[in-house]
Amino acid sequence: MPLKELVANSSLSKEDKDFWMNILATLAEDQIKIFEDFTEGKEENLKVLTENIKAKEKAFRNADENAFEEIINSEK
């Protein structure tokens, strides 16, 4: 399932859907494919990915290297 369709049909909040649409508008198709492969068309995977990206964005904006490193380590 295309990621845009998965996002649009998901139960994510409007804020999270807008967050995704902004991200997707900036990515090339091959980059979007990486996210599609991860989500496997499953809303639960989309939710995990959404929270992960939002946590990374927050750590980055706050220049919190420790938080960013913890997020990265949790993905291994």
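Where a number appears in this text, it was derived from the coordinates with a stated rule and is not lab data. In this text, all values refer to a predicted model and were calculated from it rather than measured experimentally. Glycine also receives a Cβ, built like all others from the backbone with ideal geometry; neighbour counts cover every protein chain displayed.
Before we move on, is Leu46 surrounded by 13 or more Cβ atoms within 10 Å (Cβ to Cβ) and free of Cβ contacts under 8 Å to residues at least 24 places away in the same chain?
no
Going by the structure shown, is Phe35 of a type outside the set (Gly, Ala, Ser), under 23 Å from Leu6 (Cβ atoms) and surrounded by 13 or more Cβ atoms within 10 Å (Cβ to Cβ)?
yes
Regarding Lys54, is this residue closer than 24 Å to Ala67 by Cβ, surrounded by fewer than 14 Cβ atoms within 10 Å (Cβ to Cβ) and not aromatic (Phe, Trp, Tyr)?
yes
Tally the residues that are more than 12 Å from the chain's Cα centre (by Cα) and touching a residue at least 12 places away in the same chain (Cβ under 8 Å), restricting the search to the range 17-41.
Here the count works out to 1.
Could you tell me which residue of the range 47-76 is farthest from Glu15 (Cα to Cα), considering only residues that are under 14 Å from the mean Cα position of the chain (by Cα) and of a type in the set (Asp, Glu)?
Glu75
From the list Ala28, Ala59, pick out the single residue that is among the small types (Gly, Ala, Ser) and surrounded by 14 or more Cβ atoms within 10 Å (Cβ to Cβ).
Only one candidate passes the filter, namely Ala59.
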